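Following: one structure in structure tokens, then a few remarks.
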Amino acid sequence: MTMVGPSITDDERRVANLRLQIGFVVLVGLSGGLVALQVGASTPQVGLAVVGALVLGGLLLLWLRRWSAEFRRETNRSRFRR
């Protein structure tokens, strides 16, 4: 039996991760704009909602990254306690 390594390189993984993070923030931003449109906001209000939601999406992404780093640390710690 032969062992097979990862199918993507570290650089490809980094690029894919960055694209996923950008897509997440953009999705949150567009969602804020769509909600504003649904309630009948004017064009400037929709723009403001998109910008506000992009900021909130970025903050949420930062929080998720910190939380996942803590989770990984805890998981790795418990793995070596056995």
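The values are calculated or read from the model by the stated rules, or taken from the named source; none is laboratory data. Source: prediction; values computed, not measured. Ideal geometry is used to build each Cβ from the backbone, glycine not excepted, and the neighbour counts take in all protein chains shown. In case anyone asks, the SASA skips ligands and DNA or RNA and just uses the protein heavy atoms, side chains included. Shrake-Rupley method; radii C 1.70, N 1.55, O 1.52, S 1.80 Å.
Surface composition of the chain: carbon plus sulfur atoms hold 66% of the accessible area, using a 1.4 angstrom probe and ignoring ligands, DNA and RNA. The share of alpha-carbon pairs in the chain lying farther apart than 21 Å comes to 54%. Taking Lys and Arg as +1 and Asp and Glu as -1, the other residues whose beta-carbon sits under 14 Å from that of L64 total +2.
Counting only alpha carbon atoms, the long axis of helix 10-38 and the longest principal axis of the chain meet at about 30°. For the chain, the longest principal axis of the C-alpha atoms and the axis of helix 43-80 are separated by about 20°.
Overall, the chain carries a charge dipole of about 560 debye about its Cα centre when +1 sits on the Cβ of Lys and Arg and -1 on the Cβ of Asp and Glu, all other atoms neutral. Heavy-atom accessible surface of R13, to the nearest 10 Å², is about 110 Å², with a 1.4 Å probe and all protein chains retained. Note on exposure: V55, V46 ranked by accessible area (1.4 Å probe, complete protein assembly) read V55, V46, with the most exposed listed first.
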